[in-house]
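Engineer: Dropping the structure in here first, questions after.
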Amino acid sequence: MIPSVLPTYNRAPLAFVKGEGAWLTEADGRRFLDLGSGIAVNALGHAHPALVKALTDQAQNLWHVSNLYVIPQQQALADKLVDASFADTVFFTNSGTESCELAVKMARKYFYEAGQPERVEILTFDGSFHGRSSAGIAAAGSEKMIKGFGPVLPGFVHLPFGDLDAVRAAITDRTAAILIEPVQGEGGIRPVPDADLKALRQICDENDLLLILDEVQCGMGRTGRLFAHEWAGITPDIMMVAKGIGGGFPLGAVLATERAASGMTAGTHGSTYGGNPLGCAVGSTVMDHVADPAFLAEVNRKSALLRQKLEGLVADHPDVFEEVRGAGLMLGLKCRVPNVDVVRAGYDNLVITVPAADNVIRLLPPLTLTDEDITEAFTRLDRAATAVAAP
Ligand SMILES: Cc1ncc(COP(=O)(O)O)c(C=O)c1O
């Protein structure tokens, strides 16, 4: 009999009932160190007092009004995002998938309005992940995601990851944009080298293409800069954000330049919940923390500390781990044994990690984790690795 919850997830037998900082308490009372943050969502950890206050204060006054009206909390968050980024304008969504939908629509509308309606194709890369909608799975293009869900939405050209020559060769008079995650998340924590991001920006400029960055997982301070592309010294035309921006409240956004967004006039797009007062009150508070240079400096310091510990872990367990990779607090351990075995051994040793493609386990801890949490992370991962090596 089918479970009452549609069984599209292979769930671990863990039911958490409380969260505090980087710690989760299971129904049976066990305390787990959370190095997953709900897959890069709880950027400020669990139950951060400032977020609890922002949410409850707003809840006392007004939860939701339609986008048919002015929403001051939305205006405030948009202003903060515009001030802190390349963007001139922001549309709020409820998820990364929805941000992907708008990014694709926006790019196509731009060329439609520019008198080039044939320019609809978007170049994407192997191993990418942009969500589970029809456009999201078509953009990623992997067999695993699209099989059985045809007809696949046309207009995406899939290229090998890291192959700039393939990008240049794929550009035709139908090409509209390049869509890429600066650090692939689901694909196995694969950073795009700064030089490649610079080259992609240049290719877009030379061919009048739009550069769309998917920073749903790697944005909002995760890599130690507010947005990951800042490391490469480039800016996109359109950027997708979600996950960390809501700190656990379902919130996403598409940021864009005035030029790229110029086709999106009244009536061309919408969302019932996107940017409602509750979500934006929380998102604004997340922004106040994450955009603070002192906060980002701490992310970088803690990243160096965690990375150093993980390098030690790899050296101590060469049969279990191959390498550490990633940026900031978006780190991956490439495994020599099945990654799911390591994740499971982590559960047994009260530490949560997240599997990814390419046999990687992901460490996406709250950006607020403490130095003591990092020491504890090493201890627990070390025990998990020992258990996997000698089952
Ligand atoms: C890079 C990237 N884009 C898009 C998405 C989809 O976001 P959501 O699950 O919020 O729809 C994800 C989710 O994992 C992601 O990592």
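The values are calculated or read from the model by the stated rules, or taken from the named source; none is laboratory data. In this text, all values refer to a predicted model and were calculated from it rather than measured experimentally. Here Cβ is always computed from backbone atoms with ideal geometry, including for glycine, and neighbour counts include all displayed protein chains. Each accessible area value is taken on the protein alone, full model and side chains, heavy atoms only, with ligands, DNA and RNA left out. Shrake-Rupley method; radii C 1.70, N 1.55, O 1.52, S 1.80 Å.
Engineer: Could you give the length gained by full extension between T272 and E26, i.e. 0.36 nm per residue of separation minus their alpha carbon distance, to one decimal place? Write down the numbers at each step before the final one.
Structural biologist: On the way: separation 246, 0.36 × 246 = 88.56 nm, distance 3.41 nm.
Contour length minus the Cα-Cα distance gives 85.1 nm.
Engineer: Taking only Cα atoms and a 10 Å spring cutoff, compute GNM fluctuations for the chain and point out the largest among L44, L350, L251.
Structural biologist: Highest fluctuation among the options: L350.
Engineer: Can you give me the C-alpha center-to-center distance between segment 13-87 and segment 203-264, rounded to a whole angstrom?
Structural biologist: 20
Engineer: Which residues make up the longest stretch of the chain clear of trypsin sites (Lys or Arg not before Pro) that lie in a DSSP loop with no more than 10 other Cβ atoms within 10 Å, not counting the sites? Please report the intermediate quantities before stating the final value.
Structural biologist: Details: sites that count: R11, K147.
Here the longest segment lacking exposed loop sites spans 148-391.
Engineer: Would you mind getting me the FRET efficiency between D316 and D371? Use the beta-carbon distance for r and R0 = 25 Å, nearest 0.05.
Structural biologist: E between D316 and D371, to the nearest 0.05, is 0.80.
Engineer: Tell me, in nm to one decimal, what length is gained between S4 and V17 on full extension, where the rule is 0.36 nm per residue of separation less the Cα-Cα distance?
Structural biologist: 2.7 nm
Engineer: Using a Förster distance of 35 angstrom, determine the FRET efficiency expected from the C-beta separation of D194 and Q60, and round it to 0.05.
Structural biologist: With R0 = 35 Å, the Cβ-Cβ based efficiency is 0.15.
Engineer: Now for a separate question. In the chain, which helices (entire DSSP H runs) extend 24 Å or more along their own long axis, judged by Cα positions, while averaging at least -1.0 on the Kyte-Doolittle scale?
Structural biologist: 96-113, 293-316, 371-389
Engineer: If one computes the Cα centroid of segment 151-197 and of segment 107-145, what distance in Å separates the two points?
Structural biologist: 10
Engineer: Roughly how many percent of the accessible protein surface of the chain is carbon and sulfur, given a 1.4 Å probe and a whole-percent answer?
Structural biologist: 55
Engineer: Could you report segment 273-391's accessible area per residue, 1.4 Å probe, as an integer in Å²?
Structural biologist: 37
Engineer: Among T368, T25, T235, which one shows the highest mean-square fluctuation when the chain is modelled as a Gaussian network with alpha-carbon springs under 10 Å?
Structural biologist: Between T368, T25, T235, it is T25 that shows the largest mean-square fluctuation.
Engineer: What does the extension gain come out to for D208 and A297, with contour length at 0.36 nm per residue minus their alpha carbon separation?
Structural biologist: The D208-A297 span can extend by a further 28.5 nm.
Engineer: Shifting gears a bit: Kindly state, to the nearest 0.05, the FRET efficiency for Y112 paired with D288, given R0 = 35 Å and r defined as their beta-carbon distance.
Structural biologist: 0.40
Engineer: Right, something else. How many percent of all Cα-Cα pairs in the chain sit more than 30 Å apart? All intermediate terms of the calculation are to be shown ahead of the outcome.
Structural biologist: Working: 30489 of 76245 pairs.
The share of Cα pairs beyond 30 Å in the chain comes to 40 percent.
Engineer: Could I ask something else about it? Report for the chain the percent antiparallel among DSSP-assigned beta bridges with both residues inside it, nearest 5.
Structural biologist: Bridges in the chain are about 65 percent antiparallel.
Engineer: Here's something else I'd like to know. When the chain is treated as a GNM, springs tying every alpha-carbon pair under 10 Å, which of F227, F16, F129 comes out with the largest mean-square fluctuation?
Structural biologist: It is F16.
Engineer: Taking θ = phi - 60°, what integer Hz values does the Karplus form 6.51 cos²θ - 1.76 cosθ + 1.60 yield along segment 350-364, in sequence order, with x for Gly and Pro?
Structural biologist: 3J(HN,Hα) across segment 350-364, in whole Hz: 6, 9, 9, 10, 10, x, 9, 5, 6, 6, 10, 9, 9, 10, 10.
Engineer: Here is a follow-up. How large is the helix-only mean residue ellipticity at 222 nm for the chain, computed as the sum of -39500 (n - 2.57) over DSSP H runs with n ≥ 4, divided by its residue count, in deg cm²/dmol to the nearest 500?
Structural biologist: Dividing the helical sum by the residues of the chain leaves -11500 deg cm²/dmol.
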